[in-house]
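Report on one structure; see the data block that follows.
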Amino acid sequence: MSVLQQIKDIEAEMDRTQKNKATAYHLGTLKAKLAKLRRELLTDATKKKGPGGDGFDVNKSGDARIGLVGFPSVGKSTLLNKMTNTFSEVASYEFTTLTCIPGVINYKGARLQLLDLPGIIEGAKDGKGRGRQVISTARTCNLILIVLDALKPLTHKKKIEYELEGFGIRLNKQPPNITFKKKEKGGLNMMSSVPLTHLTNEIVKAILQEYKCPNADIMFRCDATVDELIDVIEGNRAYIPAIYAMNKIDQITIEELDLIDRIPNACPISAHHEWNMDGLLEKVWEYLDLIRVYTKPKGQVADFGAPVIIRRDKSSMEDFCTRIHKHILRQFKYAWVWGQSVKHQPQKVGKDHQLLDEDIVQIVKKI
């Protein structure tokens, strides 16, 4: 029996099974089996070349990568054309884009690579169309821009989320606060700093048994679900922020627009008429969570035309030096910083100092 058929059989059994405390053990085991089978598909996809393989051959460039994901004919190519001045064929028929077309957005001094990916279809995670290639490329992005037709946003939103989730992508989620460590012997040592309402010792043991891992130390610092525990055990999940670009708002009523505007992580736009494009760009910048740091050579004014772009969660002075050039860190003695991250203007800091947006830095090297 093929992997896809096994997946279908397990999904069918899960749909037939009532969800209650009595079936939690059985459902936990089924979910573990399903995750293992999906891992096989994911592993195959990253090894294969060509259609259904490891994504499109587009080198990463710029300060961040954004992927346009959506069903055919929702306006992805129009959006790429308007945001980057890159030509991607636009037509009224489906599957106009058959490969990945890159473009570059220049925004707030950053270069953001935007990828127009072919439209995905239902069953993409299982290899239909170019689904695995599209989703494999989406896993390499710092942000996923899901383009939806404003006439039927919720139906398409749910289907796309299902396809991406099935390929190990977790949208707008943080990794669960669970520490998992395999060991050679000693059985299961399960600890928790919070009450667990979804998991019991028996369910955890059943999941570990499915992974042939009876000996492990697990520490829960959150009220984890079965799915979150499996994600931690699998260890290959991609946690990526996502924005839902609700396109074609020129075709809906004010009342419908009001409802769309309440959807979490959504941004209503009209790519054709270029409505709310500034709002979308601002949201993209917010979700990428990037900061700009300006350099100031000794005796000169700061270079405000070419900021160094770094992620907010990796914004130490050490990260800043590495971003410029790996050799700078070896010569680093201390730095003078002007901006929000310091009390005094300027202030002498070491390599552990955390920078903030629009700080100015002057590095002093060892003699």
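The values are calculated or read from the model by the stated rules, or taken from the named source; none is laboratory data. Keep in mind that what you see is a predicted model, and the values were worked out from it rather than measured. Because the Cβ atoms are built from the backbone with ideal geometry, glycine has one as well, and the counts that use them run over all protein chains shown.
Glu274 meets each of the listed conditions (1) out of contact with any Gly (no Cβ under 9 Å at 6 or more places or on another chain); (2) acidic (Asp, Glu); (3) not assigned by TED's automatic domain parsing to the domain that holds Gly75 apart from (3). Beta carbons closer than 7 Å, at least 6 apart along the sequence or on distinct chains, pair a first residue in region 269-297 that is touching a residue at least 40 places away in the same chain (Cβ under 8 Å) with a second that is in a helix (DSSP H, G or I) and of a type in the set (Ser, Thr, Tyr) for Ala271/Thr78; His272/Thr78. The number of residues in region 1-20 that are out of contact with any helix residue (DSSP H, G or I) (no Cβ under 7 Å at 6 or more places or on another chain) and either among the polar types (S, T, N, Q) or not in a helix (DSSP H, G or I) (or both) comes to 5. Given (1) within 28 Å of Leu355 (Cβ to Cβ); (2) part of a helix (DSSP H, G or I), where does Gly305 come up short, assuming only one miss? If we test Gly305 against (1) within 28 Å of Leu355 (Cβ to Cβ); (2) part of a helix (DSSP H, G or I), just (2) comes out false.
So for region 170-193 (the condition being among the charged types (D, E, K, R), surrounded by 12 or more Cβ atoms within 10 Å (Cβ to Cβ), assigned to a helix (DSSP H, G or I) and without any contact (Cβ under 8 Å) to a residue 60 or more places away in the chain), does at least one residue qualify? No, region 170-193 has no match at all. Is one or more of the residues making up region 195-215 acidic (Asp, Glu) and either assigned by TED's automatic domain parsing to the domain that holds Leu145 or under 23 Å from Lys19 (Cα atoms) (or both)? Yes, the conditions are met somewhere in region 195-215.
Residue check, Asn201 against (1) surrounded by 15 or more Cβ atoms within 10 Å (Cβ to Cβ); (2) modelled with pLDDT under 95, all met but one. Which one? Result: Asn201 fails condition (1) only.
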